[in-house]
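Input: a single structure, listed below in structure tokens.
The values are calculated or read from the model by the stated rules, or taken from the named source; none is laboratory data. Note that this is a predicted model, so its numbers are computed, not measured. Don't worry about glycine lacking a Cβ; one is built from the backbone with ideal geometry, like all the others, and counts go over all protein chains shown. Side chains are part of the model used for accessible areas, which takes the heavy atoms of the whole protein and leaves out ligands, DNA and RNA. Shrake-Rupley method; radii C 1.70, N 1.55, O 1.52, S 1.80 Å.
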Amino acid sequence: MKEKITTIKIAKMKSDGEKIAALTAYDYTSAKILDKGGIDLILVGDSAANVFAGYDYTIKISMDEMLYHTRAVKNGTERALIIADMPFLSYQCGTDDAVKNAGNFLKAGASAVKLEGGKAITDIVKKLVDTGIPVMGHIGLTPQSVHKLGGYALHGSTPEAEEKLIEDALALEDAGAFSIVLEKIVSKCAKKITEKVKIPTIGIGAGKYCDGQILVYTDMLGLNKEFHPKFVHIYADIYNSMMSAFKNYIKDVKEQKFPSENETYT
Ligand code: KIV
């Protein structure tokens, strides 16, 4: 088995100048393929709300659902670092709840948790880190605050917004976070943040200067025909492969071509 990826190894990748490759996963089968493919970091993202459960907002996913996804991903993963996304209201209500919920993600098989927010959540981050729970921060577009933000707009495009993001990143680093996701941030601003903090930045829609990149795996496989933001590169057309396989199966059943002799016990 190849060397297991740890938060320490992720930090070293930044100092060694090695880019970090990350993707989301929500189930055993896709985690297994990702892990065998050599991914460094698997995020059990609360994007499971959208792409797995079909909810309209990530805030609708529960602790129990996220724990189920985390256990499934753990069962398929040997090498990659697993990070579980803490769902809405599982850490904002107080540090005691945050510790208990984050601890349950570690018991489910994650090695770290991810929280959305900057300066405003540093007390919680510090408490988790002091308890022995590694934390990944997440700033820029934070989908759990979609109703406050008023949508999924680009971040860091004014000098004031840039300054605030840099302060948030430095505050997360000070609180002990081992890395930070930068979501939908102008590339120039993401570059400045990446240069200012010693911990790795993992970008999604934040340009090429981040220390690593993450995408939602169903987006990069082209599984969602209705959602194609500029920052997603589509690496395979799995939607059309699945559609044609399903249609062929239906046709074969109707025309009594399946099962054939090959698929029959005699
Ligand atoms: O939930 C998620 O998939 C995420 C990534 C977009 C970083 O938070």
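Restricting to Cα pairs below 8 Å that are 6+ residues apart, what does the relative contact order work out to for the chain? Please round to a whole percent.
15
Kindly provide the GluC sites (Glu not before Pro) of the stretch 175-264 that DSSP labels as loop, not H, G, I, E or B, and whose Cβ sees at most 11 other Cβ atoms within 10 Å.
Passing both the DSSP loop test and the Cβ count: Glu226, Glu255.
Counting other Cβ atoms within 10 Å, which GluC sites (Glu not before Pro) in the stretch 1-76 have at most 16 and lie in a DSSP loop?
Answer in residue order: Glu3, Glu18.
Restricting to DSSP H runs of at least four residues, report the calculated mean residue ellipticity at 222 nm for the chain, -39500 (n - 2.57) per run over all residues, nearest 500 deg cm²/dmol.
That calculation yields -12500 deg cm²/dmol at 222 nm.
Modelled label-to-label distance, Lys198 and Ser260, 7 Å Cα→beta-carbon offset: nm?
Each label point is offset 7 Å from its Cα along the Cβ direction, giving 6.4 nm.
Just tell me which aspartates and glutamates come within less than 12 Å, Cα to Cα, of Lys127; anything on the same chain fewer than 8 places away is out.
Asp96, Asp97
Give the lysines reachable from Lys188 as a straight Cα distance under 27 Å; neighbours fewer than 8 places away on the same chain don't count.
Filter leaves Lys9, Lys12, Lys14, Lys19, Lys114, Lys119, Lys148, Lys164, Lys196, Lys198, Lys208, Lys230.
First select every other residue whose beta carbon is under 14 angstrom from the beta carbon of Ala169; then total the charges, Lys and Arg +1, Asp and Glu -1.
-3
Taking only protein heavy atoms into account and a 1.4 Å probe, give the accessible area per residue of the chain in Å².
Result: 52 Å² of accessible area for each residue.
When the accessible area of the chain is computed with all protein chains present and a 1.4 Å probe, what percentage of it is carbon and sulfur?
55
For helix 187-196, report the angle its Cα long axis makes with the longest principal axis of the Cα atoms of the chain; keep it between 0 and 90° and round to the nearest 10°.
That works out to roughly 60 degrees.
Using 1/(1 + (r/R0)^6) with R0 = 22 angstrom and r between the beta carbons of Met220 and Val253, what's the FRET efficiency to the nearest 0.05?
Here the calculated transfer efficiency is 0.10.
With only alpha-carbon atoms in the gyration tensor, what are the semi-axes of the equivalent ellipsoid for the stretch 7-235, in Å, largest first?
Three semi-axes, in Å: 23, 21, 19.
For the stretch 180-212 and the stretch 17-92, what is the centre-to-centre distance using only Cα atoms, to the nearest Å?
21
Which of rounded, prolate, oblate describes the stretch 54-162, given a ≥ b ≥ c as roots of the alpha-carbon gyration tensor eigenvalues and a/c under 1.5 marking rounded, otherwise prolate only if a/b is larger than b/c?
The shape class here is prolate.
Report the calculated FRET efficiency for Tyr239 and Phe52 (r = Cβ-Cβ distance, R0 = 22 Å), to the nearest 0.05.
0.90
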